[in-house]
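Have a look at the structure below before the remarks.
The values are calculated or read from the model by the stated rules, or taken from the named source; none is laboratory data. No experiment lies behind these values; they were computed from the predicted model shown. Cβ atoms come from the backbone with ideal geometry, glycine included; neighbour counts cover every protein chain shown. Quick note on the areas: whole protein, heavy atoms, side chains included, nothing else; ligands and nucleic acids left out. Shrake-Rupley method; radii C 1.70, N 1.55, O 1.52, S 1.80 Å.
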Amino acid sequence: MVFNHFLYRKWKITLPLWCLISPLTGLALLGFAGEQQSGILSAVMGLVLISVVLSAVHHAEVVAHKVGEPYGTLILALAITVIEVSLIVSIMLNKADQGATLARDTVFAAIMLILSGIIGMSLFIGGYRFKEQAFIKAGVSAALVALTAISILTLVLPNYTTTEAGPVYSSSQLIFVAIISLVLYGGFVAVQAVRHRDYFLPKDAAPGDEDTHAAPPSGLTTVVSLVFLLIALAVVVLLSKKLSPVIETIVVNLGAPKSLVGVIIAAVILLPEGLAAIRAASQNRLQTSLNLALGSALASIGLTIPAVAIVAYTMGFKITLGIDAKSTLLLILSLFTISISFNAGKTNILQGIVLLVILATYLFITVVP
């Protein structure tokens with residue numbers, strides 16, 4: 001007899017067995033990991049990290065299915081941002097000099113990976129499978145307005161201030177930018193979850209979409225998934241922190257710029273949400289996919305920058321937020337392309353191809369500046 005699910009009928013808890021085992025395996029592995037890991041142990045930790053990420057995706061989707069849109073995507077975006085903030089702050093506290101640019105590199109990488117990578121792949125797969133996909137323009141427009149403003153104010157403006165020579169903010173400027181970042185993100189959340197919730201609700205689901213039409217999970221299943229989601233996210237943070245020295249060594253040995261470390265960290269952090277967004281687009285649920293992607297991009301800046309600013313101000317660190325000229329051009333190109341792509345209210349495969357080309361350019365320029 002083959003058991004495909006871990007099922008407690010008495011309590012009505014139905015979850016795949018692997019998504020319960022993976023986070024616990026990661027916790028056990030952390031108990032054996034020291035300050036220095038062998039190559040074999042590092043490889044094992046990398047494989048376990050991927051499995052824990054996939055487990056986090058599953059648990060997040062269970063919770064999202066229970067609470068409905070747009071709250072489900074908001075929960076996942078906040079969870080992913082908690083990982084990002086925790087990892088950046090922990091490295092900043094351990095290595096203040098290296099952490100000066102880590103926040104900028106990771107946040108910028110997260111935005112580029114979301115705008116050109118996650119959204120690009122979602123539009124490509126969705127366009128390939130369904131030719132055209134529709135979404136609600138008002139919701140996407142609201143997210144893009146907030147994202148454009150917050151991106152330029154946090155990553156570009158520091159290059160042009162004069163109180164301190166760029167690309168850094170003075171202490172007062174840093175606190176001000178932290179406050180307005182929270183204001184912009186808080187305003188977006190209020191619009192998404194309260195005042196204009198209908199802007200972010202998915203279009204009518206396709207008849208074959210089993211996930212949308214399936215009965216919501218039981219309350220106890222949702223609670224178990226929420227607990228294991230938190231465990232999985234914590235394990236991802238701790239495993240990523242353990243693996244970060246290995247990643248740095250590999251980057252240095254390759255002769256690549258240290259900014260590539262931020263790209264790798266952002267890619268690991270965004271993997272759960274990226275997989276969930278691409279999966280939603282492949283099931284003709286583009287609105288959910290865009291909610292995940294754009295909400296995550298906003299949370300990445302709107303919550304990470306204030307957290308990093310508080311740590312820097314309290315500990316007396318100097319952090320570099322301003323990106324260089326080529327990064328500024330790529331950021332503006334991505335935002336401009338996204339805005340044009342979503343102007344018609346429908347998407348197709350070409351828009352996905354263009355965004356993926358921008359992603360390839362960004363990655364290549366990062367390695368070969």
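A few comments on the model shown:
- Contacts under 8 angstrom Cβ, first residue in region 17-31 being among the aliphatic types (A, V, I, L, M), partner open to solvent by less than 30 Å² (accessible area, probe 1.4 Å), 6 or more apart: Leu20/Ser55; Leu27/Val235; Leu29/Met45; Leu29/Val48; Leu29/Leu239; Leu30/Val235; Leu30/Leu239
- Index of the failed condition, Thr320 passing every other in (1) of a type in the set (S, T, N, Q); (2) under 21 Å from Leu260 (Cα atoms); (3) in a helix (DSSP H, G or I): (3)
- Scanning region 158-179 for residues being out of contact with any Phe, Trp or Tyr (no Cβ under 7 Å at 6 or more places or on another chain) and surrounded by fewer than 17 Cβ atoms within 10 Å (Cβ to Cβ) gives a total of 10.
- Those residues of region 310-323 which are touching a residue at least 24 places away in the same chain (Cβ under 8 Å) and either within 14 Å of Ala109 (Cα to Cα) or of a type in the set (S, T, N, Q) (or both), in sequence order: Thr320, Leu321, Gly322, Ile323
- Of all residues assigned to region 128-141, none qualifies as being in contact with a Phe, Trp or Tyr (Cβ under 8 Å, 6 or more places away or on another chain), in contact (Cβ under 8 Å) with a residue 12 or more places away in the chain, farther than 22 Å from Gln283 by Cβ and buried (at least 20 other Cβ atoms within 10 Å of the Cβ).
- Qualifying residue in region 290-310 (condition: open to solvent by 30 Å² or more (accessible area, probe 1.4 Å), modelled with pLDDT of 85 or more and farther than 24 Å from Gly187 by Cα): no
- The residue pairs whose first member lies in region 156-181 and is touching a residue at least 24 places away in the same chain (Cβ under 8 Å), whose second member is surrounded by fewer than 17 Cβ atoms within 10 Å (Cβ to Cβ) and basic (Lys, Arg), and whose beta carbons are closer than 8 Å, counting only pairs six or more residues apart or on different chains, are Val168/Lys318.
- Filter pass, Val2 being at pLDDT 80 or above, open to solvent by 20 Å² or more (accessible area, probe 1.4 Å) and either out of contact with any Gly (no Cβ under 8 Å at 6 or more places or on another chain) or not basic (Lys, Arg) (or both): no
- Hits in region 173-204 (condition: outside any helix (DSSP H, G or I) and within 21 Å of the chain's Cα centre (by Cα)): Leu201, Pro202
- When the criteria are applied in full, Pro16 fails the requirement of being over 30 Å from Ala360 (Cβ atoms) and modelled with pLDDT of 85 or more.
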